[in-house]
Amino acid sequence: MRNRNHHLLIAALTLHKHGFSFFPTKQNKLPAGKWKKYQSHLPEEGKARRWFGGKNPAITGIAVICGSVS
């Protein structure tokens with residue numbers, strides 16, 4: 001589990017660095033929380049670290065919002 005979460009964290013930080021918006025998903029590929037605001041706002045780096053830092057075993061994936069954040 002830790003290895004997957006580490007890879008998710010690296011992916012999230014890379015997406016953040018390049019200006020992509022994203023949110024965490026659960027095992028069933030559904031959002032792991034509210035996500036619509038990330039259509040218009042990028043998550044903060046600290047938020048990404050909390051989501052993917054390995055503390056929440058329910059988070060198993062990452063979804064990327066394609067297109068421009070408007």
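Apply the Karplus parameterisation 6.51 cos²θ - 1.76 cosθ + 1.60, with θ equal to phi minus 60°, to every residue of segment 24-30 and state each ³J(HN,Hα) to the nearest whole Hz, in sequence, with x for glycine and proline.
With the stated coefficients, segment 24-30 comes to x, 10, 8, 4, 7, 6, 8 Hz.
If you line up the long axis of helix 2-17 against the longest principal axis of the chain, both from Cα atoms, how many degrees apart are they, to the nearest 10?
That helix lies at roughly 10 degrees to the long axis.
In debye, nearest 20: dipole of the chain around its Cα centre with unit charges on the Cβ of K, R (+) and D, E (-)? Let's see the in-between values first.
Details: 12 positive and 2 negative charges, 49 e Å.
In total the dipole reaches around 240 debye.
Quick one: with all protein chains in place, what share of the accessible area of the chain is carbon or sulfur, to the nearest percent (1.4 Å probe)? Can you show the working numbers first?
Working: 2700 of 4920 Å².
Carbon and sulfur atoms account for 55 percent of the accessible area of the chain.
Which three extents, in angstrom, do the Cα atoms of the chain have along their principal axes, listed largest first?
34, 23, 17
Amide H neighbours of residue 26 under 5 Å, counting only residues 5+ apart in sequence or on other chains, H built in-plane at 1.01 Å?
32, 60
What whole-number value in Å² describes the accessible area per residue of the chain for a 1.4 Å probe? Write down the numbers at each step before the final one.
Details: 4920 Å² over 70 residues.
Solvent-accessible surface per residue comes out at 70 Å².
Using the per-residue mean of other Cβ atoms lying within 10 Å as a proxy for protection, in what order, highest first, do the peptides 35-41, 57-63 fall?
Averaged packing, sorted descending, gives the order 57-63, 35-41.
The values are calculated or read from the model by the stated rules, or taken from the named source; none is laboratory data. Source: prediction; values computed, not measured. Don't worry about glycine lacking a Cβ; one is built from the backbone with ideal geometry, like all the others, and counts go over all protein chains shown. Surface areas here come from the heavy atoms of the whole protein model, side chains and all, with no ligands, DNA or RNA. Shrake-Rupley method; radii C 1.70, N 1.55, O 1.52, S 1.80 Å.
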